[in-house]
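J.: Take this structure first; my questions come after.
The values are calculated or read from the model by the stated rules, or taken from the named source; none is laboratory data. Bear in mind the structure is a predicted one, so any value in this text is a computation, not a measurement. Neighbour counts are summed over all protein chains in view; Cβ atoms, including those assigned to glycine, are modelled from backbone coordinates with ideal geometry. Side chains are part of the model used for accessible areas, which takes the heavy atoms of the whole protein and leaves out ligands, DNA and RNA. Shrake-Rupley method; radii C 1.70, N 1.55, O 1.52, S 1.80 Å.
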Amino acid sequence: MATLPIARSTFVPMKFFIDTANLAQIKEAKEFGILDGVTTNPSLMAKEGITGVENIMKHYKDICNIVGKGDVSAEVIATDFEGMIEEGKILAAIDSNIVVKVPMIKDGIKAISWFTANGIKTNCTLIFSAGQSILAAKAGATYLSPFIGRIDDISWDGMELISQISDIYAIQDFDTQILAASIRNPLHIVKAAECGAHVVTCPLDAIMGLLNHPLTDIGLAKFLADHKKSNS
Ligand code: G3P
């Protein structure tokens, strides 16, 4: 059971990102009226069949155009410092809302530090420990992506990690935003909000699952039936 954080370092309402490269789903989330941003990763891009540098760049631009005002994470493929900087500069030039997503490895931390010094937003991905979260924040990452679902998959508690990072960031006054990732279901979203995540990034069906309650359906059916009875 996750504990509540002592405090949260950035007091803004939790943002909703959608974790997909599927343009139709991004449009649907936008039209639903709750979309604050998008995260992608190489697996999600491959799932949509987006290959080749030009197509990938165009796809990121298309995503940015749908989102409008809101951050869009685009992940580097390089794993060495120079390669990440080169790719990150190209990605950041696509649109002012692009956030360069960088893996939690030694050269990734060096790259985040460089991007931060050069005014480029970053998302440090593949986070599975509090120690990693401290390093990413020290390097100045804009966002930090702990992978909740993948931690739960090995029968650890992903939400414990969100709580722990939330406490550390508040105590240390780090302004890196905790972006709870690998969210798999509506309860993950509720728990992430409770544990102090600044952002959740989710599949569309996890967001839509928040709508559901049988008493809502029963109540609405009764309201409509009563209205029909008295108006017929
Ligand atoms: O944001 C990271 C996410 O795409 C990973 O999710 O479900 O593959 O663990 P999942």
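J.: Within the range 194-202, identify whether any single residue is free of Cβ contacts under 8 Å to residues at least 40 places away in the same chain and in a loop (DSSP other than H, G, I, E, B), and answer yes or no.
T.: Here is the first cut: in the range 194-202, the ones free of Cβ contacts under 8 Å to residues at least 40 places away in the same chain are none.
The answer is no; no qualifying residue exists.
J.: If I go through the range 95-142 residue by residue, how many of them are under 22 Å from residue 160 (Cβ atoms), of a type in the set (S, T, N, Q) and surrounded by fewer than 22 Cβ atoms within 10 Å (Cβ to Cβ)?
T.: Of the residues in that region, 2 qualify.
J.: Give 91, 44 a once-over and let me know the one that is of a type in the set (A, V, I, L, M) and under 18 Å from residue 121 (Cα atoms).
T.: Values: 44 fails: under 18 Å from residue 121 (Cα atoms).
Residue meeting the stated conditions: 91.
J.: Which number in (1) without any contact (Cβ under 8 Å) to a residue 60 or more places away in the chain; (2) out of contact with any Asp or Glu (no Cβ under 8 Å at 6 or more places or on another chain); (3) under 21 Å from residue 125 (Cα atoms) marks the one condition that residue 66 misses?
T.: (3)
J.: Being open to solvent by less than 40 Å² (accessible area, probe 1.4 Å) and within 16 Å of the ligand (Cβ to nearest atom) is the filter here; which residues of the range 189-201 pass it? Let's see the steps before the verdict.
T.: We begin by selecting, within the range 189-201, every residue open to solvent by less than 40 Å² (accessible area, probe 1.4 Å); these are 189, 192, 195-201.
189, 192, 197, 198, 199, 200, 201 - these are the residues of the range 189-201 that are open to solvent by less than 40 Å² (accessible area, probe 1.4 Å) and within 16 Å of the ligand (Cβ to nearest atom).
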